[in-house]
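The values are calculated or read from the model by the stated rules, or taken from the named source; none is laboratory data. Owing to the predicted nature of the structure, the values given are computational and were not obtained by experimental measurement. Glycine also receives a Cβ, built like all others from the backbone with ideal geometry; neighbour counts cover every protein chain displayed.
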Amino acid sequence: MIPRADLPETLPIFPLPGALLLPRGRLPLHVFEPRYLAMIEDVLKTPGRLIGMVQPMDDSGERLHTIGSAGRVTTFTETSDHRYMITLTGVSRFRITGMIEGFTPYLRANVSWDGFERDLGNAEHDRGFRREEFLDLLARYFDLTELRTDWDSLKDADDELLINSLSMLCPFSPEDKQALLEAPSLTTRRETLVTLMQFELASKRAGTEDKLQ
């Protein structure tokens, strides 16, 4: 865990649609673009080894969402053709307060960590979590999307690990991923996750009924 006082005022920014990183979660990345290779090399020289993951607001990638999530490079491997396989471990969300003009080939931003103190604490718990009902919905959603998982491990996983891992892994749209990122608590993230899965299932049923008519 990185103490609040040690969090930097600026971060290198990696805009990547559909990539969601949550506190204490793990995000594997395959880095091959020259500007992001330069970013990784610079980041590995810093004490915190932090990268800010941010969702673009459109296909151009020029407009970014204000809220992102910082991850610490916890593992990295360089391939023979000079690419990096890295794992980011989520530290805390942040808010972009302004972009930095400079000579780096990648984006950098001034950031504020205010309002996200909960991310730096212990793992959250969801007091209203009904695991059996949730897993039943998840099974129907996984069947719809043809996803597979180890159900025994899901049944035993802590609330935060289960909810955050599914939020990161499920194939939702970038805007839906952003809604999951910005959820103020684990409970609201679980409620958002449930709503998204229910919507996908309802859309599938509606499409099936239309074909039968």
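Quick rundown of the values:
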quantity	calculated
Those residues of region 92-117 which are touching a helix residue (DSSP H, G or I) at 6+ places or on another chain (Cβ under 8 Å), buried (at least 20 other Cβ atoms within 10 Å of the Cβ) and aromatic (Phe, Trp, Tyr), in sequence order	106
Residues that are free of Cβ contacts under 8 Å to residues at least 24 places away in the same chain and out of contact with any strand residue (DSSP E or B) (no Cβ under 7 Å at 6 or more places or on another chain), drawn from region 80-114	80, 81, 101, 103, 114
From the options 120, 169, residue that is at pLDDT below 95, closer than 30 Å to residue 3 by Cα and surrounded by 15 or more Cβ atoms within 10 Å (Cβ to Cβ)	120
Boolean, residue 107 is in the same structural domain as residue 188 (by TED's automatic domain parsing) and of a type in the set (A, V, I, L, M)	no
Filter result for the condition that a residue is surrounded by 12 or more Cβ atoms within 10 Å (Cβ to Cβ), assigned to a helix (DSSP H, G or I) and either free of Cβ contacts under 8 Å to residues at least 24 places away in the same chain or touching a Lys or Arg at 6+ places or on another chain (Cβ under 6 Å) (or both), over 181, 135	135
Residues of region 34-48 classified as in contact with a strand residue (DSSP E or B) (Cβ under 7 Å, 6 or more places away or on another chain) and hydroxyl-bearing (Ser, Thr, Tyr), total	1
